[in-house]
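The values are calculated or read from the model by the stated rules, or taken from the named source; none is laboratory data. All values reported here derive from a predicted model rather than from experimental measurement. Here the Cβ positions follow ideal geometry from the backbone for every residue, glycine too, while neighbour counts run over all protein chains shown.
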Amino acid sequence: MDSKPVDGTLTVKEPFGLAIDQQDQIWVTNSGTNTVTRFPASDPANAVEFEVGYSSHGIAIDSQGNAWVANSIGHLGAMEKLTEKIEGLEGSMSDDDRAAKGSIDLWDIADKYPGGDVSMIRPDGTVLGPFDAGKSMNGAWGISVDGNDNIWVSNSMSQSITQLCGVRTETCPLGVATGEPISPQNGYIGGLQTITGSALDPAGNAWIANSWGQTDVGFKASSF
């Protein structure tokens, strides 16, 4: 990444998610890489980059200023998963066509090689994780923080919602540490398909965006 602004903009790689922290810093996920970019709103030239999981999508800030990132492809073996697709594109397409097809291929990768996880970036830049709820996440997409600073992740490929314990472990069930799942094995599941964004209202209700599917079927705890 070239972190210096050109004509008032930053060069990022397929930017997807956007968040603003308590220090008025802007956070941008780069869905075409394994990075997140952060810069002060008043000084975009002072940008820094953090490595997370591959294909970072949603991002949310908790009350302590930590950034939580949903990585759709994840960490373990991510580059191996991509190798076959990348080699198939080399030399056969223009740069623009390769980039467009690459986005479609990410969906194929998540389908063929299930995975996905969450990273946490502290205000001092320390990256923690990955957190993957016992490898039950697939295609992590949207992410949000509730009033207890716990984390909710929508998994677009496994059609489930994962709830993780945040940094305020006193609000989590006894013995559950930061990044560990509060939701049951395989998360909260329902009749939705390709779920994307998520948000928590002041009452603590989770609102989930469903791209298509059975919208009349709600979520329930997994019985697996």
Residues of the range 173-191 being in contact (Cβ under 8 Å) with a residue 24 or more places away in the chain and in a loop (DSSP other than H, G, I, E, B), in sequence order, are 178, 179, 180, 182, 183, 184, 185, 186, 187, 190, 191
Looking at the range 160-172, which of the residues that are within 14 Å of residue 184 (Cα to Cα) and not in a strand (DSSP E or B) is nearest to the chain's Cα centre (by Cα)?
165
Please determine whether any residue of the range 30-50 is within 30 Å of residue 168 (Cβ to Cβ), touching a strand residue (DSSP E or B) at 6+ places or on another chain (Cβ under 6 Å), surrounded by fewer than 21 Cβ atoms within 10 Å (Cβ to Cβ) and modelled with pLDDT under 85.
no
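For the structure I just gave you, tell me whether residue 203 is of a type in the set (A, V, I, L, M), touching a His at 6+ places or on another chain (Cβ under 8 Å) and under 22 Å from residue 61 (Cα atoms). Spell out how you get there, then give the answer.
Numbers: of a type in the set (A, V, I, L, M): yes; touching a His at 6+ places or on another chain (Cβ under 8 Å): no; under 22 Å from residue 61 (Cα atoms): yes.
No: the conditions fail for residue 203.
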Those residues of the range 171-185 which are small (Gly, Ala, Ser) and surrounded by fewer than 19 Cβ atoms within 10 Å (Cβ to Cβ), in sequence order:
175, 177
Determine whether the range 118-134 contains at least one residue that is surrounded by 18 or more Cβ atoms within 10 Å (Cβ to Cβ) and either out of contact with any strand residue (DSSP E or B) (no Cβ under 8 Å at 6 or more places or on another chain) or at pLDDT below 90 (or both).
no
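For (1) under 20 Å from residue 23 (Cβ atoms); (2) in contact with a Leu (Cβ under 7 Å, 6 or more places away or on another chain); (3) of a type in the set (Lys, Arg), each residue gets a yes or a no:
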| residue | (1), (2), (3) |
| --- | --- |
| 128 | yes, no, no |
| 134 | no, no, no |
| 137 | no, no, no |
| 142 | no, no, no |
| 150 | no, yes, no |
| 156 | no, no, no |
| 170 | no, no, no |
| 173 | no, no, no |
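So for the range 214-222 (the condition being surrounded by fewer than 21 Cβ atoms within 10 Å (Cβ to Cβ), within 19 Å of residue 116 (Cα to Cα), more than 17 Å from the chain's Cα centre (by Cα) and at pLDDT below 85), does at least one residue qualify?
Residues of the range 214-222 that are surrounded by fewer than 21 Cβ atoms within 10 Å (Cβ to Cβ), as a first pass: 214-222.
Then keep just the ones that are within 19 Å of residue 116 (Cα to Cα); that gives 222.
From what's left, more than 17 Å from the chain's Cα centre (by Cα): 222.
Those left that are additionally at pLDDT below 85: 222.
Among the residues of the range 214-222, at least one is surrounded by fewer than 21 Cβ atoms within 10 Å (Cβ to Cβ), within 19 Å of residue 116 (Cα to Cα), more than 17 Å from the chain's Cα centre (by Cα) and at pLDDT below 85, which makes the answer yes.
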Looking only at the range 34-70, count every residue that is more than 17 Å from residue 129 (Cβ to Cβ), hydrophobic (A, V, I, L, M, F, W, C) and in a loop (DSSP other than H, G, I, E, B) and tell me the total.
3
